[in-house]
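S.K.: Take a look at this one; I'll ask things after.
The values are calculated or read from the model by the stated rules, or taken from the named source; none is laboratory data. Source: prediction; values computed, not measured. In this analysis, Cβ positions are derived from the backbone assuming ideal geometry, glycine residues included, and neighbour counts consider all displayed protein chains. Ligands, DNA and RNA are stripped out before the accessible areas are found, and what is left, the full protein with its side chains, is counted by its heavy atoms. Shrake-Rupley method; radii C 1.70, N 1.55, O 1.52, S 1.80 Å.
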Amino acid sequence: MPAVTSKTRHYDSPQQEAYLNLWKTYDKLKELEDNLFAEFDLSAQQYNALRVLRSVAPESISTSALGGMLVTRAPDMTRLLDKLERRGLIQRERREENRRIVLVAITPTGLDLLKQLAEPVKQCHEMQLGHLNEKELKQLTQLLAKARKEPTSVRSEIGTE
């Protein structure tokens, strides 16, 4: 069987080619991020949760609101928050008037960790996308935002209306 090279790759559609290239790019960019956060014993999702909590500090928000503000879905929000709480990076509180709602806030220790991460994260982003100029970055951002908007016609075709 002949070796598959980039010149002989076959895609079923331009959409598949674009999607697989997005996936490959995500994997490459995520590896740099994962390596950085591993040095601080964090996951990218935990870092993102801390960033969101910093944006509302000194207030707290509900776990459901936090989940809705994360870049990626957190299937096990409780476990994610448990790890952050054990490290003293966040605090949780249940309100007496409604025990089902859990409020979350970042602690001073969490804020200090984000300050410590600020420059390494900036350097990571530079390694990830620093080779693109401002115009290219803006165009990429616009195209990615457009790609996230699912056309109504596609939704009805795949039965997700």
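S.K.: Quick check on my filter: what residues within region 65-77 are of a type outside the set (A, V, I, L, M, F, W, C) and touching a residue at least 12 places away in the same chain (Cβ under 8 Å)?
M.R.: Thr72
S.K.: Of the conditions (1) under 18 Å from Val56 (Cα atoms); (2) modelled with pLDDT under 95, Ser153 fails just one. Which one is it?
M.R.: (1)
S.K.: Filter region 21-44 down to the residues that are in a helix (DSSP H, G or I), open to solvent by 90 Å² or more (accessible area, probe 1.4 Å) and either touching a Lys or Arg at 6+ places or on another chain (Cβ under 9 Å) or of a type in the set (Ser, Thr, Tyr) (or both) and list them by number.
M.R.: Listed by number, the list holds a single entry, Tyr26.
S.K.: Using beta carbons and a limit of 8 Å, which pairs, at least six apart or on different chains, have the first residue in region 98-115 and over 15 Å from Leu81 (Cα atoms) and the second one part of a helix (DSSP H, G or I) and open to solvent by 50 Å² or more (accessible area, probe 1.4 Å)?
M.R.: Going by the 8 Å Cβ cut-off, the qualifying pairs are Leu111/Arg54; Leu114/Arg51; Leu114/Arg54.
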